[in-house]
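Heads up, the thing below is written out as structure tokens.
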Amino acid sequence: MKNFLPLLLITFWLYQCASTETEQDQTTKETLDSSKAATEVAPKTIPAETTDFEKQIGAFHKQLPYMMFVKDQVYFIVASINWQENKGNSDKQDTASTETYKVGLVNERNEIIIPIKYDKIYNMGGLAANLIEVELNGKLGAYDISGKELLKAEFDGIYPYTNAKDVWVQIRKGDQFGWLSTSGSFSMDPSSHPNKALFEAQSVANLFTNWSFDSKSKQIIPLFEAQTDPKDQHEIESGGILVFPSYLYHLGLVPELTTDWNTSIEEYPVNGETTATIEIAHKTGNNQTIISAFSQYFSEPRGYYEERSDIITVNDKMEPIDKLSIEPDYLNVSFSNDVRFRFINDNTLEMSITKEVQHPVYKIMTSYNYHNINAEGKIIPIDIKGFYKFTRTIKITDFYFKGCFVRNITTKEREREEKKLGEDAYINFAKSEHLTIADLDLMRNEIYAAHGYRFKSKKWQDYFGKQAWYTPQFDNVDDQLSEIEKHNVTAILNQKKKMEGHEAEFINTTYGAFSTAG
């Protein structure tokens, strides 16, 4: 992925102010409606607009990294040092001084909309309509598109808020919460609004319920790299720059900057998509756990794909405590590598993922891992040995015998399948959707092996003897099994009985060609 210096936030339309329509609200709507139309023709004019600006006024500024089109006007992000020197160089980015590197926003007449004194400018509409977030020394402020300073850069959080009249956004300074009104005034005084929830931290469930982002939305205002060379038009066609709202980035729910983002401009389509969703919002003691999913892809000649899930815990001030990022293996379109989560009790999180494994039979299989969220909000992996960790964690149902299980095809299977499909057919994998009877035997014996059972069968002596975690100690471990494990031994044996004589129907094997991504 291209590496750009984090500067700006492109529009990210999540919520509208749930208030009576004011004159400002109407202006905001007109601005957004006009900007939609403007962005459809913006790429054509980027080189010309940038050249014209540089000829007339460019000498006043070291660099013009980005530009956007709002209500038929061009706006430039301007930088106080040569931004180009830092572009694409992570070492220089890390050492760039926040004292000397500042950004601001001007229009095409060089009228200052936002003073050139901020570390970051988050683009209009990202958090709420017509609102531009700014950041200075880690503190947040806000402007509107006319250049009115709504909030000085002294706040610790700015959050969307939709269920209170006349509220633009919710704000936080330290332990105090307050609100910014649609008229542009703010207050931290609990007596200033009848909705007392404004003066408390929102629950994750309220803040993120039904939250999602789709880069193909027509409501997102693209931000483009300012360019003067028409020969670089293909770079413009590849899409805009996307950075998410400050509260999402600060919580670690999304990456700060996304490039080559599909802006859904009809004349310059990009066959790609960027999406982000909140999968789970869960209360864990005094803290909250959020699980988000982020992905983006572009169907270019060289291709590009990125996907990840994040587990984040936050305290009652919406400050991050801990984070665990999960990046699935990039396998093959034939296999699902979706990461799935669920809480099996208040503090234990189950994660399933289809991934490459060192299994005695399978190259790829649906696997399970477990994490504990402790009272302090720390995410702690639960160390469970073996391939079937759920057998020692939860009372299983038939669901746990199903999944995606991929192995190398046998010579006999390949010859049979290629004979069916013709001489040119190439088959190299077998995929099943259910564990075999042999797999169930391994699953059941893992439970006993985890307690140090000394196996009588040479087959299992040899197999578990190769496992670093196995220590044979006891001839009988029945009294050591937990209630969960006893239940699961019975469940496995019952499933085995159901499958006997009908195994092929259960596993439903299919065949195909497989190659790892890369």
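The values are calculated or read from the model by the stated rules, or taken from the named source; none is laboratory data. A quick note: this is a predicted structure, and the numbers were derived from the prediction, not measured. Cβ: placed from backbone, ideal geometry, glycine included. Neighbour counts: every protein chain shown.
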Of everything in the range 375-404, what is free of Cβ contacts under 8 Å to residues at least 12 places away in the same chain and among the acidic types (Asp, Glu)? Give them in sequence order.
ASP383
In the range 154-170, residue farthest from ILE221 (Cα to Cα) [restricted to those that are under 27 Å from the mean Cα position of the chain (by Cα) and not in a loop (DSSP other than H, G, I, E, B)]:
PHE155
Search result, residues across the range 171-198 that are modelled with pLDDT under 95 and in a helix (DSSP H, G or I)
LYS196, ALA197, LEU198
Pick out the one residue from SER187, SER191 that is over 28 Å from GLN63 (Cα atoms) and surrounded by 13 or more Cβ atoms within 10 Å (Cβ to Cβ).
SER187
I'd like to know if the range 416-426 contains one or more residues that are of a type in the set (Phe, Trp, Tyr) and surrounded by 19 or more Cβ atoms within 10 Å (Cβ to Cβ).
no
So, in the range 374-404, of the ones that are part of a strand (DSSP E or B) and at pLDDT 95 or above, which residue ends up surrounded by the most Cβ atoms within 10 Å (Cβ to Cβ)?
ILE379
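Keeping to the range 57-74, report how many residues are touching a residue at least 12 places away in the same chain (Cβ under 8 Å) and over 29 Å from the mean Cα position of the chain (by Cα).
Number satisfying all stated conditions: 10.
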Hydrophobic (A, V, I, L, M, F, W, C) and modelled with pLDDT under 95 - does that describe any residue in the range 446-463?
no
For ALA129, only one of the following conditions fails: (1) more than 27 Å from PHE53 (Cβ to Cβ); (2) small (Gly, Ala, Ser); (3) modelled with pLDDT under 90. What is its number?
(1)
Determine whether the range 434-457 contains at least one residue that is in contact with a Pro (Cβ under 6 Å, 6 or more places away or on another chain), over 25 Å from SER367 (Cβ atoms) and surrounded by 10 or more Cβ atoms within 10 Å (Cβ to Cβ).
yes
Looking at the range 171-207 only, could you name the residues that are over 23 Å from the mean Cα position of the chain (by Cα), of a type in the set (A, V, I, L, M) and over 24 Å from TYR122 (Cβ atoms)?
ALA197
Look through GLN467, GLN473 and report the one residue that is polar (S, T, N, Q) and surrounded by 12 or more Cβ atoms within 10 Å (Cβ to Cβ).
GLN467
